[in-house]
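**Student:** Let me begin by handing over the structure; questions about it come next.
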Protein chains: 2
Amino acid sequence: MEPTGNRRGQETRTALLGAAAELVVEVGWGAVSTRSVAERAGVRPGLVHYHFGSVRRLLTEASAAALEEMVEALTGELEASDDLAHGLTRLVDSIVALEPTHPLHLLVTETYLAASRDPEVAGALRGVVRRMRERLAGWLAERGVPDAHAAEVAAFVAATLDGFALHRVLDADVPAPPLARLVGTWTGTEEEGS
Amino acid sequence: MEPTGNRRGQETRTALLGAAAELVVEVGWGAVSTRSVAERAGVRPGLVHYHFGSVRRLLTEASAAALEEMVEALTGELEASDDLAHGLTRLVDSIVALEPTHPLHLLVTETYLAASRDPEVAGALRGVVRRMRERLAGWLAERGVPDAHAAEVAAFVAATLDGFALHRVLDADVPAPPLARLVGTWTGTEEEGS
DNA sequence: CCACATCTTGGTCGATCGCCCAAAGTCTCT
DNA sequence: AGAGACTTTGGGCGATCGACCAAGATGTGG
């Protein structure tokens, strides 16, 4: 972001950001400390406040970056599918597959909670989610979902995926939502009064 | 639970449990401290460790109790509805209405995350969720959902509600999922290969 | 009325917290 | 080589943390 000329500082920054994202998942947002994140990143504790000013700001920036990356991966996989049903199924599958090795949705949830208490986090997260929903809505619209419903369907899909991922934390046997069939509800019948 | 003869001790216990549940919502699981919860409950800090042994155990017990109460309220409201579509709609509405005054789903989410790190919490939460899903499945089965699908639908409804509540934290304008219409997907067509 | 279990008080322990800063180190220019 | 900007070091500040405990208060059954 800043016009710093030194390469070393940037490496430290990214190391701290990565360590912070890891620790939020492992111990929870409120339990990440200056010293623990510095140790994980392999740098001295003082650097946390030199580069980010406060732990809160480091966590905010780290979560936003990691989530942006995840959204990129998910929508990338989605856009590789032409068929609507096939794409949605692969989206659910990728969450199931992602979990054991890299429980990224814990980071999503932690960030949601932090956003409910910290307006700065909320602002950062809002942007990420909005972009995710817009890309999802665009993909849906190109594949047969009526424009009027695309945004609504996108919000539903995003929320369902998060809820599914959340419940899987507790119970790995939770049946996956048949997203493809459910989304068909919108494309087909439409018999609403309001 | 225990055969303690004194009434005073029980009052202290319940006061601490209530204060703990409040603070988990307000500041997050990891940020609830011995002294803050004691102050909120109007008792001395030492009592936390006398009655519960540790902060972790207090939070575990408090969350489980609060969640049990919430499940009771939700399923109670549900079982007051005979019609399937009407009941599901009221379920979604009750979440929307509940939120501004008493964001209980933040407690749900906090507990989910804590459960992913603490087996004791996981055990307590698992029981609550299981009971919720069983009652929901029973209600669905009595109202036309095929028995073979009732459990699957119940899991889907529970996960969708949590996901919806989670996204509402960030964006109050998230459109509500048309649960009644979606659940109709199961009762009606059935064209799956696996 | 007195023993007795239960509950409460008030304080202390070592550890850890976020944050800060002066001094030293490391670069990139001119 | 010397100046100046950037980065790192290592220590230290007061505050707060979870946990613990001896002594006092409270209420109950004999």
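**Student:** Given (1) part of a helix (DSSP H, G or I); (2) under 25 Å from residue A:181 (Cβ atoms); (3) hydroxyl-bearing (Ser, Thr, Tyr), identify the lone condition not met by residue A:12.
**Tutor:** Going through (1) part of a helix (DSSP H, G or I); (2) under 25 Å from residue A:181 (Cβ atoms); (3) hydroxyl-bearing (Ser, Thr, Tyr) one by one, residue A:12 breaks only (2).
**Student:** Out of A:30, A:46, which single residue is of a type in the set (Gly, Ala, Ser), within 13 Å of residue A:111 (Cα to Cα) and within 13 Å of DNA strand C (Cβ to nearest atom)?
**Tutor:** A:30
**Student:** Taking the range A:7-34 only, how many residues are within 14 Å of chain B (Cβ to nearest Cβ) and either of a type in the set (Ser, Thr, Tyr) or within 9 Å of DNA strand D (Cβ to nearest atom) (or both)?
**Tutor:** 1
**Student:** May I ask you to list the residues in the range B:140-152 that are under 18 Å from residue B:71 (Cα atoms) and facing another protein chain (nearest Cβ under 9 Å)?
**Tutor:** Within the range B:140-152, B:151 is the sole residue that qualifies.
**Student:** Of (1) at pLDDT 90 or above; (2) facing another protein chain (nearest Cβ under 10 Å), residue B:130 satisfies all except one. Which?
**Tutor:** Here residue B:130 clears every test but (1).
**Student:** Got a sec? Which of A:117, A:90 is under 20 Å from residue B:170 (Cβ atoms) and basic (Lys, Arg)?
**Tutor:** It is A:117.
**Student:** Hey, among the residues in the range A:42-64 that are over 23 Å from residue B:113 (Cβ atoms) and surrounded by 17 or more Cβ atoms within 10 Å (Cβ to Cβ), which one's farthest from DNA strand D (Cβ to nearest atom)?
**Tutor:** Residue satisfying both the conditions and the ranking: A:52.
**Student:** Output the residues belonging to the range A:171-194 that are outside any loop (DSSP other than H, G, I, E, B) and either surrounded by 18 or more Cβ atoms within 10 Å (Cβ to Cβ) or at pLDDT 80 or above (or both).
**Tutor:** Answer for the range A:171-194, where residues must be outside any loop (DSSP other than H, G, I, E, B) and either surrounded by 18 or more Cβ atoms within 10 Å (Cβ to Cβ) or at pLDDT 80 or above (or both): A:179, A:180, A:181, A:182, A:183, A:184, A:185, A:186.
**Student:** Name the residues in the range A:121-148 that are touching a residue at least 40 places away in the same chain (Cβ under 8 Å) and of a type in the set (A, V, I, L, M, F, W, C), would you?
**Tutor:** Answer for the range A:121-148, where residues must be touching a residue at least 40 places away in the same chain (Cβ under 8 Å) and of a type in the set (A, V, I, L, M, F, W, C): A:121, A:124, A:125, A:128, A:132, A:136, A:139, A:140, A:145.
**Student:** How do the helices (runs of 4 or more DSSP H) wholly within the range A:44-141 filter down when requiring 3 or more residues that are more than 27 Å from residue A:33 (Cβ to Cβ): which remain?
**Tutor:** A:55-79, A:84-98, A:119-141
**Student:** Report every pair of residues separated by at least 6 positions or lying on different chains whose Cβ atoms are under 7 Å apart, first residue within the range B:106-120 and farther than 18 Å from residue A:163 by Cβ, second of a type outside the set (D, E, K, R).
**Tutor:** B:117/A:28; B:120/B:60
**Student:** So which residues in the range B:9-25 are among the small types (Gly, Ala, Ser) and surrounded by 17 or more Cβ atoms within 10 Å (Cβ to Cβ), if there are any at all?
**Tutor:** B:15, B:19, B:20, B:21
The values are calculated or read from the model by the stated rules, or taken from the named source; none is laboratory data. Please read these numbers as outputs of a predicted model, since none were measured by experiment. FYI the Cβ positions are ideal-geometry reconstructions off the backbone, even for glycines, and counts take in every protein chain you see.
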